[in-house]
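Reviewing the structure listed below.
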Amino acid sequence: MLVLEREEFYFGYNDEVIDLRFLKANKMFPYVNDEMVVVITNSNMMRLFDRGKMEMGYVCLHNDITLALDTFGSFVLTAGKDQQIILQRIDSISS
């Protein structure tokens, strides 16, 4: 029988998750925080989770629902229903 154990738990209301990406180090960005997860939901907020520090933050980038998400190194590219494309660099979650 397969037994699943919970290792990490993030609480809160995340609406409907549209996309989720992990920030990953590569040759151009070797110092990227590999513990960072970026999540977009059916809102204008982009949620950031730092799995190493167990921190969560968010940023409102668009005036309407965020529809698309991609990452490259520490850069996050989003497209929204407001017909805007936004490129944002994410280094850490600050309060």
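Computed from the coordinates by the stated procedures, all read-outs in this text should not be read as laboratory data. These figures come from a predicted structure and were not determined experimentally. Every residue, glycine among them, receives a Cβ derived from its backbone with ideal geometry; neighbour counts consider all protein chains shown.
Suppose we filter the stretch 54-95 for residues that are among the charged types (D, E, K, R) and either over 25 Å from Phe29 (Cα atoms) or without any contact (Cβ under 8 Å) to a residue 24 or more places away in the chain (or both); how many remain? Don't jump to the end; show me each part of the working.
Step one: of the stretch 54-95, the residues among the charged types (D, E, K, R) are 55, 64, 70, 81-82, 89, 91.
From what's left, either over 25 Å from Phe29 (Cα atoms) or without any contact (Cβ under 8 Å) to a residue 24 or more places away in the chain (or both): 64, 81-82, 89.
Total satisfying the criteria: 4.
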Spot the failing condition for Ala25; the list is (1) within 13 Å of the chain's Cα centre (by Cα); (2) surrounded by fewer than 16 Cβ atoms within 10 Å (Cβ to Cβ); (3) of a type in the set (A, V, I, L, M), and only one is missed.
(1)
Being among the hydrophobic types (A, V, I, L, M, F, W, C), in contact with an Asp or Glu (Cβ under 6 Å, 6 or more places away or on another chain) and closer than 16 Å to Val17 by Cα narrows Leu69, Leu77 down to just Leu69
